[in-house]
Amino acid sequence: MKAVKVSQNVYWVGAVDWSLRDFHGCSTERGTTYNAYVILDEKVVLIDTVKALFYEEFKARLKDALGGRRIDIVISNHSEMDHSGALRQTIADFKPAKVYASALGVQHLKQQLGQDLPAEAIANGATISTGQDSLTFLESKMLHWPDSMVALLNKENILFSNDIFGMHYASGARFEEQERRENWIYEFKKYYANIILPYSKIVSAFLKQMEAAGIKPRIICPDHGLIWQESIPQIIQMYHDFAENKSKKKAVIVYDTMWGSTAKMASAIEDGLAGQGIETRQFFMHIDHRSNVAAELLDAGAIIMGSPVINIEVFPSLGDVGVYLRGLKKQGLLGACFGSYGWSDLALSKVEDLVKGLGAQLVAPVVKSKFAPDEAKLKECFDLGVLAGQKINERFK
Ligand code: FEO
């Protein structure tokens, strides 16, 4: 296992997790990477480690980069276990003189890895010399953990951004210019939508803080996915847009179905939306993943949810995606809902509750179909789509 040169004195020493398909509830169809970096200056600094399971791969790359040198300082930018899981073993094997994290990072690391972990707090804004260069630390609280921080290698102008600007994207390439944009763009958006979105106000403040401090990195080294060089202005602009909740004329339809009735209603609603020039995405929650709904909802203006009734409840898959999306706190959505039932329509008010739980503004009461929708009911669904489309369009006048 070889280290990969990032710049004159910086090497990637992480691990590639090709087979990961779930990252705490977010599907990861492209796997992920756990990026760690080593700076070979007069002092040797390791920035982050990897998930414990990948320690041997990381260790081999690290030894390759070190070429017999010892590690002076380990920086833990964030205590989540995909970056700190191998920290204790790393300390045991490489015996660094210092281990630094944010003040809260030290608490979290000790709570997770043991109170005897030899970690020390480094102050927000502090700078340490690495020899010819220096590292400055900026806390990035709630991006996306309260202990998160980033590190700037000043002369080389490299930002070690931790989870910010990351994506779950396993690849043989380490640098974005080695990959086609269309290959990674969806995963970049999906990562923001599923990991960073709830903290969008903090993202805006953080980006402003970076600008105010004159930080314009030449290279951004995140802890997941590709290393950024050529697309840095674009990814920063995308973060601005995501954080400002910029949406398109787009609606996401989320439904499940038992005998096909709710599915027919979903398609009629989509017809109505499409006729108003609205981009649409349908998700059948029996097979689609909640995190792909979140990804498509990132730049959408409306969510439309539909469910059949089972045991006087909504279908469980709708509860799953509803609870998940509620936590992600997408702002400013319009909403609509629909559903089919056989014996009692009582549970369909719970579909409304799910949509309202997202903070969405309902454009109309729930459209209900007893058993399979007939032509008149499908027209009602179509009209709901038209109305939702008109309400979305009104926002762009
Ligand atoms: Fe990639 Fe929040 O850990």
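The values are calculated or read from the model by the stated rules, or taken from the named source; none is laboratory data. Bear in mind that the values here come from a model prediction, so they are computed numbers and not experimental data. Ideal geometry is used to build each Cβ from the backbone, glycine not excepted, and the neighbour counts take in all protein chains shown.
General observations
- Of the strands (runs of 3 or more DSSP E) entirely within region 75-183, those holding at least 2 residues that are within 15 Å of the ligand (Cβ to nearest atom) occupy 149-153, 158-162.
- Pairing residues of region 27-50 that are farther than 16 Å from GLY14 by Cβ and assigned by TED's automatic domain parsing to the domain that holds MET167 with residues that are among the basic types (Lys, Arg) and at pLDDT 95 or above, at Cβ distances under 6 Å and at least 6 apart in sequence or on separate chains, gives VAL44/ARG69.
Each row is one residue, and each column tells you yes or no for (1) among the basic types (Lys, Arg); (2) more than 22 Å from PHE188 (Cβ to Cβ); (3) within 16 Å of the ligand (Cβ to nearest atom); (4) assigned to a helix (DSSP H, G or I).
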residue: HIS224; (1), (2), (3), (4): no, no, yes, no
residue: GLU230; (1), (2), (3), (4): no, no, no, no
residue: PHE242; (1), (2), (3), (4): no, no, no, yes
residue: VAL254; (1), (2), (3), (4): no, yes, no, no
residue: THR262; (1), (2), (3), (4): no, yes, no, yes
residue: SER267; (1), (2), (3), (4): no, yes, no, yes
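Okay, residues lined up against (1) at pLDDT below 95; (2) crowded, with 19+ Cβ neighbours inside 10 Å; (3) assigned to a helix (DSSP H, G or I):
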site	(1), (2), (3)
LYS350	no, yes, yes
LYS368	no, yes, no
ALA376	no, no, yes
ALA388	no, yes, yes
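- Of all the criteria given as (1) more than 18 Å from the chain's Cα centre (by Cα); (2) among the small types (Gly, Ala, Ser); (3) part of a helix (DSSP H, G or I), the one not satisfied by GLY214 is (3).
- The lone exception for TRP343 - which of (1) in a loop (DSSP other than H, G, I, E, B); (2) out of contact with any Asp or Glu (no Cβ under 9 Å at 6 or more places or on another chain); (3) within 24 Å of LYS189 (Cβ to Cβ) it fails: (3)
- Close Cβ contacts (under 6 Å, 6 or more residues apart or on different chains) running from residues in region 71-83 that are in the same structural domain as GLN112 (by TED's automatic domain parsing) to residues that are in a strand (DSSP E or B) and within 11 Å of the ligand (Cβ to nearest atom) comprise ASN77/ASN162; HIS78/ASN162; ASP82/TYR34.
- Members of region 56-74 found to be closer than 19 Å to ALA15 by Cβ and away from the ligand (no atom under 16 Å from the Cβ), listed by number: GLU56, GLU57, LYS59, ALA60, ARG61, LEU62, LYS63, ASP64, ALA65, LEU66, ILE71, VAL74
- Checklist (1) away from the ligand (no atom under 16 Å from the Cβ); (2) on the phi > 0 side of the Ramachandran plot applied to VAL6, failing item: (2)
- Restricting ILE158, ILE128 to those that are within 16 Å of PRO217 (Cα to Cα) and either among the charged types (D, E, K, R) or surrounded by 15 or more Cβ atoms within 10 Å (Cβ to Cβ) (or both) reduces the list to ILE158.
- Residue in region 326-340 that is surrounded by the most Cβ atoms within 10 Å (Cβ to Cβ), counting only those that are in contact with a helix residue (DSSP H, G or I) (Cβ under 6 Å, 6 or more places away or on another chain) and in a helix (DSSP H, G or I): LEU328
- Test: TYR191 is at pLDDT 95 or above, more than 22 Å from ARG218 (Cα to Cα), within 16 Å of the ligand (Cβ to nearest atom) and among the aromatic types (Phe, Trp, Tyr): yes
- Picking from residues in region 45-61 that are crowded, with 23+ Cβ neighbours inside 10 Å and aliphatic (A, V, I, L, M), the one that is nearest to the chain's Cα centre (by Cα) is VAL50.
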